[in-house]
Amino acid sequence: MLTKRHHEILRLVVHAHMEGGEPVGSKTITERSQLGVSSATVRNAMVELEEMGLLTQPHASAGRVPTDLGFRFYVDSLLEVAALSREEQARIIRVCEQGSEDLETVLARVSQVLATMTMNACMVRTPDVRHAVLRRVQFIKLTGRSGLDRILALLISDSGQLRSRVFYLESNPSQEKLDRFGLLLSRQLEGMTLSEVREHLQHEVEQSEQEYRMLCGNLLESVTGSFVGGGLIVNGRMNVFRSFMDLAHIQEMLAVLEEKKGLVHLLDKCLDLEGVRLFIGAEAEVSRTGCAVVAAPFKGADGSYPGTLGVLGSTRMDYAHVIPLVGFTTKVLSTLFSDGTVSGSVCLSADGCADRGSVDRGEKAT
């Protein structure tokens, strides 16, 4: 049975370990606490917390560090989430609205800024563009040095996403003819998702005359490429060297960020969920122990362009700051994808209540 004293000592051990990354001794806790008890009493309480699986002692002569279970209990029961400052909120809104680039450029910029603000690695699982709605098709003739003309095919979605493919056609059509083909396809395909576009183009490839069939075939290859299932943007890899104390953990996390498959699987779990999710240690399924991932989904009002934003660091990351940052940023992104603007839609709260969101255990996101 955890007492109030246990709660306070665990909280102080977590805070001290977050600050220094080293095992924490009873003397340090006695000096920091307001419990008015002796160092021996604190030491006995720390032994009891160790027996409960909330603390561990790396070496016989060392102090103690929180276990993954200890960090989980701290987040679930003891954590006081900080309010984001108005400056932090304004910075996030500004980076989301800056410029008029395509969706992936915005997300790459957001992840870079959050990596700087959290001093951890930041990942964005980009939207699965099979659900993007096509707005326009365009073909542009390019003159090459070899004298052979290439054709640039552009597919532009209603979110501004741009997909392109360059190819050759033996028939060498004029730009005027390419414009007619582009206008014809735009009229046929406008308003379709890329999945529907793929089906329509497959039919055109099978039924149309040769030149038109070749154009449709190249467009078909564009919408069945590797980008269709969404990608993973990663920024802040070098922060791994700051987050993790030992070389083995640093190497493991760099490998996880490079390989990406485990992170994609984890972030995809959050797509159909609400609020901020926290995965600690083995819950993250990307490492045996020692790492934590804070993640939350974002999407437009109609459910379009779903993606996930995540921050990866050690279990001693600053949860009180990272959790509201992730929650607020995904709220801004969702607003941006809903109506194209966030300045007048997202309230800058002085007390940070709008930023907190819900924080759920990672294992619920299954």
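The values are calculated or read from the model by the stated rules, or taken from the named source; none is laboratory data. Being a predicted model, the structure only gives us computed values, none of them experimental. Neighbour counts run over all protein chains shown; Cβ positions are idealised from the backbone, glycine included.
Beta carbons closer than 7 Å, at least 6 apart along the sequence or on distinct chains, pair a first residue in segment 309-325 that is in contact (Cβ under 8 Å) with a residue 12 or more places away in the chain and hydroxyl-bearing (Ser, Thr, Tyr) with a second that is surrounded by fewer than 24 Cβ atoms within 10 Å (Cβ to Cβ) and part of a helix (DSSP H, G or I) for 315/68; 315/281; 319/75. Condition test on residue 206, is it modelled with pLDDT of 80 or more and not in a loop (DSSP other than H, G, I, E, B)? For residue 206, the condition - modelled with pLDDT of 80 or more and not in a loop (DSSP other than H, G, I, E, B) - is not met. Apart from one condition, residue 82 fits all of (1) assigned to a loop (DSSP other than H, G, I, E, B); (2) farther than 22 Å from residue 323 by Cα; the exception is (2). Of the residues making up segment 264-286, those that are more than 10 Å from residue 308 (Cβ to Cβ) and not small (Gly, Ala, Ser) are 265, 272, 274, 276, 278, 279, 280, 283, 285, 286.
Does residue 94 fit the bill of being in contact (Cβ under 8 Å) with a residue 40 or more places away in the chain and not acidic (Asp, Glu)? Spelling it out, it is not the case that residue 94 is in contact (Cβ under 8 Å) with a residue 40 or more places away in the chain and not acidic (Asp, Glu).
For segment 254-282, a residue qualifies if it is touching a residue at least 60 places away in the same chain (Cβ under 8 Å) and either out of contact with any Ser or Thr (no Cβ under 8 Å at 6 or more places or on another chain) or in a helix (DSSP H, G or I) (or both), and the qualifying residues are 257, 263, 264, 267, 268, 269, 273, 277, 278, 279, 281, 282.
Taking the numbered list (1) under 20 Å from the mean Cα position of the chain (by Cα); (2) in a helix (DSSP H, G or I); (3) at pLDDT 75 or above in turn, residue 251 passes all entries but (1). A Cβ distance below 8 Å, combined with a sequence gap of six or more or placement on separate chains, defines the contacts here; from segment 285-300, residues that are closer than 14 Å to residue 327 by Cβ reach residues that are surrounded by 24 or more Cβ atoms within 10 Å (Cβ to Cβ) and among the charged types (D, E, K, R) in the pairs 294/277; 295/277; 296/277. Just to be sure before I move on: is residue 53 closer than 24 Å to residue 314 by Cα and loosely packed, with under 14 Cβ neighbours inside 10 Å in the structure I sent? Answer is yes for this residue. Looking at 79, 35, just one residue is surrounded by 15 or more Cβ atoms within 10 Å (Cβ to Cβ), closer than 19 Å to residue 318 by Cα and among the aliphatic types (A, V, I, L, M), and that residue is 79. Residue by residue through segment 97-127, note down the ones that are more than 18 Å from the chain's Cα centre (by Cα) and free of Cβ contacts under 8 Å to residues at least 60 places away in the same chain. Selection gives 98, 99, 101. Looking at 114, 84, 78, just one residue is at pLDDT 90 or above and touching a Pro at 6+ places or on another chain (Cβ under 8 Å), and that residue is 84.
Candidates in segment 62-76 are the residues that are in a helix (DSSP H, G or I) and of a type in the set (D, E, K, R); of these, the one that is surrounded by the fewest Cβ atoms within 10 Å (Cβ to Cβ) is 76. Residues in segment 117-155 that are hydrophobic (A, V, I, L, M, F, W, C), modelled with pLDDT under 75 and either crowded, with 19+ Cβ neighbours inside 10 Å or touching a Ser or Thr at 6+ places or on another chain (Cβ under 9 Å) (or both): 129, 132.
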